[in-house]
Amino acid sequence: MAVIESRISTKNESFTKRREFNSALIKDLKERVKKIKEGGSPSAKEKHQKRHKLLVRDRIRHLLDEGSPFLELSQLAGFEMYEEDIPAGGIVCGIGKVSEQLCMIVANDACVKGGTYFPITVKKHLRAQTIAEENYLPCIYLVDSGGGHLPSQDEIFADRNHFGHIFFNEARMSAKGISQIAVVMGSCTAGGAYIPAMADESIIVEGTGTIFLGGPPLVKAATGEEVTADELGGARVHSEISGVCDYFANDDVEALMLARESIKNNYSEKNLNTYYPEECYKEPRYPIEELYGIIPEQLTQSFPAREVIARVVDDSELHEFKAEFGKTLICGFAKIHGYPVGILANDGILFSESAVKGAHFIQLCNKRGIPLLFLQNISGFMVGKKYENEGIAKHGAKLVNAVACARVPKITLLMGGSFGAGNYGMCGRGYDPRFLFAWPNARVSIMGGQQAANVLAQVKKDGMAIKGEQWPEPEESAFKKNITDQFDKQSHSYYASARLWDDGVIDPCDTRKVIALSLAICSRNPDEQVQKSSDEFAVFRM
Amino acid sequence: MTAKTINKILIANRSEIALRIMKTAHAMNIQCVAIYSNNDSNSLHVKEADEAYPLNSDLAAESYLNINKIIDIARTSGCDAIHPGYGFLAENASFAKACEEANIIFIGPSPSAIELMGDKARSKAFAKEKQIPVIPGEEHLEQNIGTFKKVAEEIGVPLLIKASAGGGGKGMKLVRDLKEVESAFNSAKREALSSFGDDTLLIEKYFNVARHVEVQVLADQHGNVVHLFDRDCSLQRRHQKVIEEAPAYGISEKTRQAMFDSAIKLCKLINYKGAGTLEFLMDEKENFYLMEMNTRLQVEHAVSEQITGIDLVREQILIAAGHKLSFTQKDIKQTGHSIEARIYAEQCRNDFLPASGVITLFKLATEDEMTRIDHALQANLEVGSLYDPMIAKVACWGETRELAINNLSSALKHTQILGVETNREFVDACIQHESFKNNEVSTRFISSHLAELILNNFDKQTLFEIIASLFEKAKQQYLWMDQENRKHSPWYQSDDFRVNDFQDKGYRISCENSDEISTLSPINTQNYLSQIDFTVIRKEGNQFFASWTLKADSLYGIIQLNFTKNKRAIAELELSSSFGDFSFTIQNHETGKRFNEQKGDSRYFAPLNGRVIAVNISEGSSVEQGQEIAVIEAMKMEHPIKAKSSGNIKDLNIEINQQITADQFIFEIVSGNEQMDKADA
């Protein structure tokens, strides 16, 4: 394999300027995340702690093995989406090591709107379950929620991907042998009651954990019966009388220790099958911090993807496939923390040659069981008469086809632009990558804001021209500005991540780490057995 | 009485004090005779003397304490007088008597005054009789609880019940509430018996915060007594003074005057002559109690000299010769402030045990009007365990206390002594400490600020970074022990990785009495990780033992990693280095409340590993807040477990003589209310 030779200068002005720009971007991200991690209001937290309940992140810390990483998902969920502030979407999801096993942890933050499910909370919960199902990760639900956020009922209840799908997922995963453990550390009301009820094993905390289909006020209204929450569905009731729970805990920590025991006592193959490469690897030859000086301030400026790869892969080694063909898409074999990976990285606009090269490479990796890593920085496929005539649509379709049908795990990183069909060809959210992360400078939209403004203005102008109307210049500019402003806002990485179009915005310096952690997770289910088609072919030379 | 002439003095001492006396004597045109042990033949006091005679021994009893030999030398060398300095024979009545008999002037008080003040019980009784306040307390008590309770009521709390043969805090119990007298009595008896084989106890008033304040006096043979103001010598370790200052700062003039009056009154009552010091203990309310009188020149006399301009040795000699004091009380003026630091060859991090070695190089601050250094240092001087480890005194004057502190700190920084470990940086840390600057001095200053004082001079940040690195490395090694194939995985780095975190980690680091929370960036700890060599000694279940070295800093030690029942790692570290040995405990600091604090502290857990030696209650019995429930013995010390709230004992899980481990659940106290709640449910 060949070592990538870095060609950038770390001394010049552009490097320094970019470094300053990106450092500020990361500082902003980390500060926002810090605020998000604080969770609910101080008064809510105080009230919570007065009841001897641990804060959600402390619960997770107790649950995890000492020193374990926690690959937290979509910290920005719900960010500036609602009138109210819903830090982390009111639910903390992530993957960590519990009793030596990688597990998906889904934990309500009762200090944020009582842990109720906003539409984004439901989406985040379901996304965590999807990741768990795709990667055979045992699930631990730390339940402390008032149930659905009633004012949003039309966005959380009835549709396929609404609240009910949580229990559907629990049942289907349990059926597949993926452990479902629920720890009831607060309310589990109404629909929420099914989270522990559907779990393989459930644990309940004395004094704070309650489970019931209808709470005391509803019972009173419905039947006139007066009953306390504890009598209705407290820890004693469910451990001694109803049998809804299997383990009784005196407090939060004891409950979390019991959850650790439950994981420890699951010996199913699916629970244990993470692959750990035995060979020693070498760190990249160039410091990853240099990425700050490489990523440009503007997406209109290009940057060499090889410089990124050189700072992410083991020993900066890349065995490049078809290096001299379709050069705007770099394809090659590399390793990250010893995990083999096939990389597809944009190094310019997609042409027909680059598209078919990518399709060829994906087929190859798929045959060999090598996970795919897409490094996106794409403004789209080339347009114009020459390209349409040579059939770029059908060549692009080959890439999209390969991406869609690849059975090996796919991981996507948005390291710059993600526009138009380029997003699809490079395994955007619609192509079910196991994980999708973005750098804070990344932008995602149907096309660039400027192009969209021009297109829409052109259409309008043409329409007016037919009617013989004139469009004064200032109005046209205002019209265009409106469009570009909308696109700027909506393509922002925070906007995208708030809506869960990705699994999180990450610091470029954590890229190697986050991808390595993800590859280890994916190794639990290396070859997704989607319906095996009867018509398998050899690798097509494109 | 006419004054005698003194032409030649024998100095019955060594080191800096011998030189100090010589300096004044020579200025008075008096010849000096030195004596020396075998070990001291090359000492400066021998070189500086006009004549020097060997004592032909290394043993103190055969040399500087040998009265006959010394009197013989004085006689044969034709000395008129003997100056005993401090220590050795300075407060030995037989020596003073032997001088008298040999017709040699003893530069000091009369044998009877030495004898009276040397007997603590007698001098205390004497002072009490003459209405000079002494520390309330009783010895020679009938050894039964009834008597002790009665005496305790008289003295009032807080008080100490301690072993007569005591020391080192063993067999010593602090009683803050009269209800505790009985348990303190019983437990002090047990400890006294097991530690000293003698369970005789005494009772004494205890002072929460007390200062050591003393008064310097001079008395001639004509009934004139004056004081040279006071000194504060509160900063002590191992019951020895470290920092002394004059005057004692921040005491009201009224109290000072009352103290001076007491001092002069006592001197007059016993016909005292010469220089002397009355040591008092002073509480927060400025009540002072006489502890004892030192009938000699004090180590710390320099600070009094600096604020009064009076040469105490010169006055001692003149008084001994029979001269009247040349000044009266009103002639003595106090000017500015003076502080002295004693430089000891000692290991500050090892309980201040003496250090030994050969001084290879030393450089002292320049002496001037404000800076005075008393020492007997020279190159290749061997500092051993034979004599007192004090090797120099640095005293600095300033117009104000603040200036004196600055001058002293600067002088200490310009003083370098290599070849033997000293407390130079430690004393500097003492005077630079905020509490010292604010004059918050007490006899417990050093013990209560110990950790800060010791760490301060070895860049605490660096030390914490090293400790945290060792902790992280130990956790990682522990994790890898049975997971050789996983050590490359990012999931097995034990780095607590968090997405978009600033990644700073909180540690709780405990050393001696201090408990500190420190937040460190992994960038700093990672620097050390690669420099640490780890040798795993053994791994047993949740325990992990390893030895380590950190080459660049020539540090080495052992680390023991334990896991609490909640799977949290906690490490005990022992660290050895050229600058001392010390031990630490480290764990990650968690923002959340600890497990056993969760349910209102009602569940009790063993605070440490040990043996249960007393269980004072039974299941279901009702207890009151503060009541002693049980006693655990560990490391020969007793640790009482007291009720933090009133209630009833539930789930009593210990019995007498049971061996228990830290964190083990021992009992729960259920409050009356809680039981009611349960009954309702």
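The values are calculated or read from the model by the stated rules, or taken from the named source; none is laboratory data. This structure is a prediction, so every number in the text was calculated from the model and none was measured. So basically every Cβ, Gly included, is an ideal-geometry build from the backbone, and we count neighbours across all protein chains shown.
Where residues in the stretch B:588-599 are surrounded by fewer than 19 Cβ atoms within 10 Å (Cβ to Cβ) and either within 21 Å of B:SER469 (Cβ to Cβ) or facing chain A (nearest Cβ under 8 Å) (or both), which of them is modelled with the highest pLDDT?
B:HIS589
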If I filter the stretch A:51-102 down to residues being in a loop (DSSP other than H, G, I, E, B) and without any contact (Cβ under 8 Å) to a residue 12 or more places away in the chain, which single residue comes out as surrounded by the fewest Cβ atoms within 10 Å (Cβ to Cβ)? A:GLU83
For the stretch A:99-111, does any single residue satisfy the condition of being within 18 Å of A:GLY39 (Cβ to Cβ) and modelled with pLDDT under 95? no
Go through the stretch B:476-488 and report how many residues are more than 7 Å from chain A (Cβ to nearest Cβ), free of Cβ contacts under 8 Å to residues at least 24 places away in the same chain and out of contact with any Ser or Thr (no Cβ under 9 Å at 6 or more places or on another chain). 3
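Considering each of A:ALA345, A:ALA323, A:ALA355 in turn, give the residue that is in a helix (DSSP H, G or I) and of a type in the set (A, V, I, L, M, F, W, C).
Answer to the check: A:ALA355.
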Restricted to the stretch B:492-504, and to residues that are more than 7 Å from every other protein chain (Cβ to nearest Cβ) and at pLDDT below 85, which residue is surrounded by the fewest Cβ atoms within 10 Å (Cβ to Cβ)? B:ASP504
For the stretch B:191-202, check the following and say yes or no: at least one residue is under 18 Å from the mean Cα position of the chain (by Cα), surrounded by fewer than 21 Cβ atoms within 10 Å (Cβ to Cβ) and touching a residue at least 40 places away in the same chain (Cβ under 8 Å). no
Being surrounded by fewer than 21 Cβ atoms within 10 Å (Cβ to Cβ) and either free of Cβ contacts under 8 Å to residues at least 40 places away in the same chain or in a helix (DSSP H, G or I) (or both) is the filter here, so list the residues in the stretch A:488-509 that pass it. A:ASP488, A:LYS489, A:GLN490, A:TYR494, A:TYR495, A:CYS509
Subset tally (residues that are loosely packed, with under 13 Cβ neighbours inside 10 Å and either aromatic (Phe, Trp, Tyr) or more than 37 Å from the chain's Cα centre (by Cα) (or both)) for the stretch B:536-549: 3
Selection from the stretch A:257-312 of residues that are closer than 30 Å to A:GLU201 by Cβ, more than 26 Å from the chain's Cα centre (by Cα) and not acidic (Asp, Glu): A:MET257, A:LEU258, A:SER262, A:LYS264, A:ASN265, A:ASN266, A:TYR267, A:SER268
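Could you go through the stretch A:442-458 and let me know if any residue there is closer than 26 Å to A:ILE362 by Cα, out of contact with any Ser or Thr (no Cβ under 7 Å at 6 or more places or on another chain) and surrounded by 14 or more Cβ atoms within 10 Å (Cβ to Cβ).
The answer is yes, given that some residue of the stretch A:442-458 is closer than 26 Å to A:ILE362 by Cα, out of contact with any Ser or Thr (no Cβ under 7 Å at 6 or more places or on another chain) and surrounded by 14 or more Cβ atoms within 10 Å (Cβ to Cβ).
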Filtering helices (runs of 4 or more DSSP H) wholly in the stretch A:204-313 for at least 3 residues that are at pLDDT below 95 gives A:216-223, A:229-233, A:252-264, A:269-272
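Within the stretch A:359-370, can you find the residues that are under 24 Å from the mean Cα position of the chain (by Cα) and crowded, with 24+ Cβ neighbours inside 10 Å? Write out each step before concluding.
Residues of the stretch A:359-370 that are under 24 Å from the mean Cα position of the chain (by Cα), as a first pass: A:362, A:365-366, A:369-370.
Result: A:ILE362, A:CYS365.
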List every residue pair whose Cβ atoms sit under 9 Å apart, with the two residues 6 or more apart in sequence or on different chains, where the first one lies in the stretch B:40-61 and is touching a residue at least 60 places away in the same chain (Cβ under 8 Å) and surrounded by fewer than 19 Cβ atoms within 10 Å (Cβ to Cβ) and the second, anywhere, is among the hydroxyl-bearing types (Ser, Thr, Tyr) and not in a strand (DSSP E or B). B:ASP58/B:SER37; B:ALA60/B:SER37; B:ALA60/B:TYR387
So A:PHE361, is it in a helix (DSSP H, G or I), of a type in the set (A, V, I, L, M, F, W, C) and closer than 19 Å to A:ARG306 by Cβ: yes
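Conditions tested, residue by residue: (1) within 14 Å of chain A (Cβ to nearest Cβ); (2) over 28 Å from A:SER518 (Cβ atoms); (3) more than 35 Å from the chain's Cα centre (by Cα).
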{"residue": "B:VAL441", "(1), (2), (3)": "no, yes, no"}
{"residue": "B:LEU453", "(1), (2), (3)": "no, yes, no"}
{"residue": "B:ALA474", "(1), (2), (3)": "yes, yes, no"}
{"residue": "B:PRO490", "(1), (2), (3)": "yes, no, yes"}
{"residue": "B:GLY506", "(1), (2), (3)": "yes, no, no"}
Looking at the stretch A:374-385, can you tell me whether even one residue there is in a helix (DSSP H, G or I) and either buried (at least 19 other Cβ atoms within 10 Å of the Cβ) or at positive phi (or both)? no
In the stretch B:550-564, residues that are surrounded by fewer than 18 Cβ atoms within 10 Å (Cβ to Cβ) and either part of a loop (DSSP other than H, G, I, E, B) or of a type outside the set (S, T, N, Q) (or both) total 8
Per the filter on the stretch B:523-538, residues assigned to a strand (DSSP E or B) and either under 13 Å from B:THR462 (Cα atoms) or of a type outside the set (Lys, Arg) (or both) are B:ILE532, B:ASP533, B:PHE534, B:THR535, B:VAL536, B:ILE537
Count - residues of the stretch B:558-582 that are at pLDDT below 80 and either closer than 16 Å to B:PHE464 by Cα or under 31 Å from the mean Cα position of the chain (by Cα) (or both): 9
For the stretch A:72-99, give me the residue count where each residue is within 8 Å of chain B (Cβ to nearest Cβ) and over 19 Å from A:ALA498 (Cβ atoms). 1
Could you check, for the stretch B:609-618, whether at least one of its residues is within 35 Å of the chain's Cα centre (by Cα), at pLDDT below 65 and either assigned to a loop (DSSP other than H, G, I, E, B) or within 14 Å of chain A (Cβ to nearest Cβ) (or both)? no
Contacts under 7 angstrom Cβ, first residue in the stretch A:230-241 being closer than 15 Å to A:PRO196 by Cβ, partner of a type in the set (Phe, Trp, Tyr) and at pLDDT 95 or above, 6 or more apart: A:ALA235/A:PHE248; A:SER239/A:PHE248
Would you be able to say whether some residue in the stretch B:643-651 is at pLDDT below 75, closer than 30 Å to B:GLY506 by Cβ and under 34 Å from the mean Cα position of the chain (by Cα)? no
When you scan the stretch A:16-46, how many residues do you find that are under 25 Å from A:GLU84 (Cα atoms), more than 10 Å from every other protein chain (Cβ to nearest Cβ) and without any contact (Cβ under 8 Å) to a residue 12 or more places away in the chain? 3
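Residues that are among the charged types (D, E, K, R) and within 21 Å of B:CYS430 (Cα to Cα): which strands (runs of 3 or more DSSP E) entirely in the stretch B:218-320 hold 1 or more of them?
Those strands (runs of 3 or more DSSP E) span B:225-237, B:240-246.
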